[in-house]
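Beneath this line is the structure, given in structure tokens, with notes to follow.
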Amino acid sequence: MKKFNIRKVLDGLTAASSSSSSATAQPGTPRENDVVQETLQSEHFQLCKTVRHGFPYQPSSMAFDPVQKILAVGTQTGALRLFGRAGVECYCQHESGAAVIQLQFLINEGALVSALADDSIHLWNLRQKIPAILHSLKFNRERITYCHLPFQSKWLYIGSERGNIHIVNVESFTLSGYVIMWNKAIELSTKTHPGPVVHISDNPMDEGKLLIGFECGVVVLWDLKSKKADYRYNYDEAIHSVAWHHEGKQFVCSHSDGTLTTWNIRAPAKPAQIITPHGKQPKDGKKPEPCKPILKVEYKTTRAGDPFMVLSGGLSYDTVGRRACLTVMHGKSTAVLEMDYPIVDFITLCETPYPNDFQEPYAVVVLLEKDLVVIDLGQIGYPIFESPYPLSIHESPVTCCEYFADCPSELIPALYSVGSRQKRQGYSKKEWPISGGNWGQGTQTYPEIIITGHADGSIKFWDASALMLQVLYKLKTAKVFERARGKEEKPSTDIVDEDPFAIQTLFWCPESRMLCVAGVSAHVIIYRFSKQEATTEVVQLLEVRMQSEFSEADSPDPGGEQTPTLPTSAASSSPQEAEPPNQLTAGVNSSEGARDNIPCLQVRSSPLKQSPGYQVELVVQLVWVSGEPPQQITSLAVNSSFGLVVFGNSNGLAVVDYVQKTLLLNLGTSELYSPSDPCQRQPRSPRKPRQPSGGFCDSNDGSNNSEDRCKSPTSGSTSPCNSDDERKQNFIEKVKLKSRRFSKTVANDFAKMSRKISSSGEQKLDLEDRSHRWSPWLCKWPVGSMKNGKLAARMTRKLNVHKTKSDPHRYGKDNAFTRSRSSSVTSIDRESREAISSFYFCESFPRKSGSLASPCLLVGTTQGSVMMVALSLQPGGDQKLQQSLSFASCGTLVQLKGGILTMALLDAAGTMLPPSCEVWYDPNASDEEKEKEKTRRRRPATPPSSQEGQDSQFAVLCSEKQANVVAMPSQTSIYKHNITETSFVLRADVVQMAGAYCIACFCANGHIMTLSLPSLRPLLDINYLPLTDMRIARTFCFSNLGQALYLTSPTEIQRITYSQETCDNLQEMLSELFTPVETPEAPNRGFFKGLFGGGAQSLDREDLFGETTAGKASRSLAQHIPGPGSMEGMKGAASGVVGDLARARVALDERGQKLGELEERTAAMMASAESFSKHAHDMMVKYKDKKWYQL
């Protein structure tokens, strides 16, 4: 009796309640998951962002806390990135998305003020792991242009476009009534508006003096107490920045004509000095030629030597095309440091936070458009520091990305050991100066690796463990090709205008460390990992010819005669079958003839020195076919146990043995279908089928009987002793006897016809005797030969076809040539090609209801078909070098809507069955070490057996629209789930989660979903991120243990988690930005300065700007908005049960506070009553014995 399970009943009710998003069992099929105890529930899933890595995209501003040693970078999209020591990073975002124009730290207070282009300022609390906004202030009538917050002050100066200056209390974020109006700051005789405020700073020695710089060139020294201007400094050129000398007696201005003016504060009539750092000084004493604007200048003093003056810009106009430069002027020396990208901002790091002390600069942080550079000012030559941050993700644009969580623990040390030798030299020997914050204390300790492919052909391996990111190793795949030195040398065979070495897709096996990459130039490179250096004299090359069934070269020519050519398959492995297999035909690329048999890239002919790490094993290139370029690779897979790599495109698939360096299989997509397959798609021409004149299959020809028509033309005699050359020669002679005139269409169709002949569906496949009973076809391949270092894929297909129960006249005159081609390839034809979209090696049951599992290859197409190809292979060992390998197509397993994205295999207990692989060994090691490694190589697991009538495996198939679970070997679809109706899935992966497996999907409408296995119950469905850029679709990937990532911008990787456990532990795992640090002591004023008042003058800003003295500001000027991190924001954001609890807690706090106040008032009243009683008693005693006239 079947056991009753209430959980399954509830799951069934849940599945039935959701129509389109529910998984339903197929009618008449058993509940296969009754024996699989699914442990994953909805409570195991929750989606949240974790960390963001990479360089801030489109940076706009920067600030530094000299005590906490934290760097903040703002961007044009309203993002904030905060950096501390290596591994300490934080990302937060302004809701408005407006550009961050300026940042100001509350030094050593754990707070940051940001000013945005939408005229709002925000106060961020950095004392929590995820920073939050405490207060916001939105200006309504003024445009913010500049902000200044003095050290250890709570009053923020804000300059506006109108030239006014407002003052904000950063504790309460309220405006003061104290306002400096532009018309009071400038001279009354001035007739024009001075322009926006471009600089505000207070005198380092007198906090009561405020220096205001206007864009027009006017600088005003404003007395805050007397509310008037002490001095006004006028210059003809516009001002960009101002910097003080620490003694407060001089300041320097940078101007738009490339000049620097130095002013004494008590001499406003003219500058004390005018210099043009990059201007040519004329001999006759005239004014130097104008230069580009100096955008920023900083003036820093030292105790022991000359001051430093650091500036950006100011180059002469004749330096056209010169890169951006940072100029460091120290004494009489001037150093011009060229940068790779334009300079956005720079900050000079100093030993002290006090502006009235010697600054002692030690480094300059330069924020570039696409990089962050820190220059060491303490060493000769100004070397740069080696950055510990992963800011080089975008060094070349990322084209693909893969994520591996919980990978073998020895991988990261191995990659680091070979990658450490690639580090550049010449860095500063000092430690990285941005060293604030602390690492998280999370318990997530499993190793994680991210692999990124780039447009320049490079591949980077990253250590992503513990929410950090560090580059481990970089591989340059372009080294195996010849590079064109100039545009005139660019080969005409390129199929892409730019980045011919760009990585299209990659496949990595962590166990065997085999790496296979496919590039946009239709090339595939196989790499092995080695810890030893090697020199490859000749790069092993294999050229493959994959021909489209829609190719123009195959179209019939109604007019001229065709040269007799041997018919080839639609995707043939040999351009000229009549040629011996071990010869390589030279490609044709002349102005008269079409390009043919030539690859897109030229493999280097000189010896290749390969450093420890990944070393080239084999290069596979697709060649041009009759003027048609090769199609780009769309799917890729490697099986290290069998030494195979399989790749596919819109023409078909190819299987390569990278151990023997040979091509084993080359098939068109349509050839994967069996002849009786109802899912078969055959290309049809819009033209009427044209009957050939004197073809091969003339029924009136007595020599061509029905039995001959059923046989392959290349099979020749049925005697097994016939060699390839004999069979080809026999076929050629037969062709000559039949006709001297036939079209390529006829030849190709006839070749396809011969391969399509097969046994009927009722005939059983006997795996033990594949050479005699094959369904629907069998092919064997000999080992290829090598000549001049290049391996030519000139193979002859052995087709063992036997007469079966099928109709022998099936491919007769009426049906043999119905698949004619059009003479032109239309765009519709190109789009309708059925491309290979995914592969999966497995040990499964190729025969329906079979009992013995064998190696198989699952093939998924863009039209939703899943086919199974049986492999007759022996894993590993030296015998593989001599044996021949066989393949058998088993027809369509299932048909789904949309292209197939991912496939996997589960056992009867719901555990994933990974493809067999071998354990890594060093190919360059000694023979003794190799023998030791061979003894510990992993062998594939024993093939599972299935009892008659019972299913022991589940094939998990996911397409762009649906997910399906098929029981094996019965090939029964037991569960089917419609993932989406209105959108489509971009990425799907079968991942491990909480000890079980599920399908994780990302849809184009932004939904992230997970489905249980094998029942396909929806576990998670969250609208997370609508697809706004193809970059997200290209880089989004899931990994095990609830991890995922995508490229959120061209320079940044966003990591997310869909695990409830990770979300719960996220606070512990994140790094801390704020750490308690004592503020350095203020500089000693000295006895005489204290006696005679020569030191720094303080100012009671509270008394000057407070509401009591200055009054209230206009309410219409700015609007205060409580942030989500403040108490008001928490009250406003709380909702539901959590909100009720929060409000109840706040109410209890308020009630307790009121009760406390009431108790205090009661106590005060009691004390007052006691005092009154005491005074009354004293008065009574005083006047007790006195008469009335004595009073």
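The values are calculated or read from the model by the stated rules, or taken from the named source; none is laboratory data. Since the model is a prediction, treat every value here as computed from it, not as a measurement. Note that we place each Cβ from the backbone using ideal geometry, even for glycine, and neighbour counts take in every protein chain shown. Protein only, heavy atoms only, side chains kept; ligands, DNA and RNA dropped before computing areas. Shrake-Rupley method; radii C 1.70, N 1.55, O 1.52, S 1.80 Å.
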- prompt: Ignoring ligands and nucleic acids, what accessible area does HIS330 show with a 1.4 Å probe (Å², nearest 10)?
  reply: 60 Å²
statement: Percent of all alpha-carbon pairs of region 70-113 at distances over 14 Å, whole number, is 48 percent
message: If packing is taken as the average number of other Cβ atoms within 10 Å across a peptide's residues, how do 1016-1023, 170-177 rank, most packed first?
response: 1016-1023, 170-177
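Can you work out the accessible area per residue across region 97-193, with the rest of the protein chains kept in place, probe 1.4 Å, in square angstrom?
On the way: 3730 Å² over 97 residues.
Counting only protein heavy atoms, the per-residue value for region 97-193 is 39 Å².
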task: Report P(r) for region 195-252: all Cα-Cα distances, bin width 10 Å, range 0 to the bin holding the largest distance, values in whole percent.
output: 25, 57, 18, 0
- prompt: In 10 Å bins starting at 0, how do the alpha-carbon pair distances of region 189-310 split up by percent?
  reply: 13, 44, 33, 10, 1
- request: Provide the gained length on full extension for the span GLU247 to LYS154, in nm with one decimal, where the gain is 0.36 nm per separating residue minus the Cα-Cα distance.
  value: 31.2 nm
message: Compute, for region 378-513, the length of the dipole vector about the Cα centre, with Cβ point charges of +1 (Lys, Arg) and -1 (Asp, Glu) only. Units Debye, rounded to 20.
response: 620 debye
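Give, in nm to one decimal, the length gained when the segment between ALA1176 and GLU1078 is fully stretched (0.36 nm per residue of separation minus the Cα-Cα distance). Numbers along the way, then the final one.
Values: separation 98, 0.36 × 98 = 35.28 nm, distance 5.46 nm.
So the chain would gain 29.8 nm between ALA1176 and GLU1078.
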- prompt: Once you charge only the Cβ atoms, +1 for Lys and Arg and -1 for Asp and Glu, what is the size of the charge dipole of region 138-234 about its Cα centre, to the nearest 20 debye?
  reply: 320 debye
task: Please give the net charge around GLN962, taking every other residue with its beta carbon less than 13 angstrom from that of GLN962, where Lys and Arg add +1 and Asp and Glu add -1.
output: +1
query: For ALA1176, what charge total do you get from the other residues with a beta carbon under 14 Å from its beta carbon, if Lys and Arg give +1 and Asp and Glu give -1?
result: +1
query: Once the whole set of protein chains is in place, how much accessible area is left on MET1179, using a 1.4 Å probe, in Å² to the nearest 10?
result: 120 Å²
statement: Descending accessible area (1.4 Å probe), largest on the left, turns SER849, SER256, SER61 into SER849, SER256, SER61
Sequence of TYR341, TYR178 from largest to smallest accessible area, 1.4 Å probe: TYR341, TYR178
Surrounding net charge for MET205, when Lys and Arg each add one and Asp and Glu each subtract one, Cβ distance under 9 Å: -1
Accessible-area value, ILE186, 1.4 Å probe, nucleic acids and ligands omitted, Å²: 10 Å²
In region 275-356, GluC sites (Glu not before Pro) in a DSSP loop with at most 16 other beta-carbon atoms within 10 Å: GLU351
message: Can you give me the distance in nm between label points at ALA1163 and ASN183, each placed 7 Å from the Cα along the Cα-to-Cβ direction?
response: 5.6 nm
field: Distance in nm between pseudo-label sites at GLU369 and GLN532 (7 Å out along the Cβ direction from Cα)
entry: 4.8 nm
message: Distances longer than 13 Å among the Cα atoms of region 254-320: what percent of all pairs is that?
response: 68 percent
- line: So, for the Cα atoms of region 335-399, Rg and Dmax in Å stand at 14.0, 51
field: FRET E, pair ALA304, SER606, Förster distance 51 Å, beta-carbon r, rounded to 0.05
entry: 0.40
Protection proxy ranking of 360-372, 1041-1053 - average other beta-carbon atoms within 10 Å, highest first: 1041-1053, 360-372
message: Let's test the formula: R0 of 41 Å, r as the Cβ-Cβ distance of ASN1005 and ARG232. What FRET efficiency results, to the nearest 0.05?
response: 0.10
query: So if we plug the beta-carbon distance of ASP497 and GLN950 into 1/(1 + (r/R0)^6) with R0 = 41 Å, what FRET efficiency do we get, rounded to 0.05?
result: 0.15
field: Full-extension gain in nm, THR911 to THR445, via 0.36 nm per residue minus C-alpha separation
entry: 165.4 nm
field: Interchain or long-range residues, amide H under 5 Å from MET514's placed H
entry: CYS509
